[in-house]
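Report on one structure; see the data block that follows.
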Amino acid sequence: MNTQLATKYTDNSILLLISASNEKKERQQAIGITGYSEQIARSYTDSVFRSHFRLRRTSAELLTGLVGACYEIPSEHTRGRQQVSVEKQ
């Protein structure tokens, strides 16, 4: 009797977990600072930039150029979320 009760409880718990994970949740808006990459990060001195991002500014600029020129990443798209520039990513 106890094993049947435990099995029934386990089955119900599994079904509850599955139904809870299938519920659609509203997307929450990400919190960010407007103009951070365009204004604030560009005003950092080289030492402050390195302390915040853990790489030199020249390395970040090189990587930005490489990612921006990568042919595997589409430059234009027609569906989905609005495209974010490489500099902001």
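The values are calculated or read from the model by the stated rules, or taken from the named source; none is laboratory data. These numbers come from a predicted model, not from an experiment. A quick note on method: Cβ atoms are made from the backbone with ideal geometry, for glycine too, and the neighbour counts reach across all protein chains shown.
Numbers at a glance
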{"quantity": "Near pairs, Cβ below 6 angstrom, 6+ apart or cross-chain, from the stretch 31-46 (closer than 18 Å to E61 by Cα and without any contact (Cβ under 8 Å) to a residue 60 or more places away in the chain) to any residue that is outside any helix (DSSP H, G or I) and of a type in the set (D, E, K, R)", "calculated": "S37/E87; S37/K88"}
{"quantity": "Residues of the stretch 37-58 classified as loosely packed, with under 13 Cβ neighbours inside 10 Å, in a helix (DSSP H, G or I) and more than 20 Å from the chain's Cα centre (by Cα), total", "calculated": "9"}
{"quantity": "Residues of the stretch 59-74 satisfying the condition of being among the hydroxyl-bearing types (S, T, Y) and surrounded by 10 or more Cβ atoms within 10 Å (Cβ to Cβ)", "calculated": "S59, T64"}
{"quantity": "From the options S37, S51, residue that is among the hydroxyl-bearing types (S, T, Y), at pLDDT 70 or above and within 16 Å of K88 (Cα to Cα)", "calculated": "S37"}
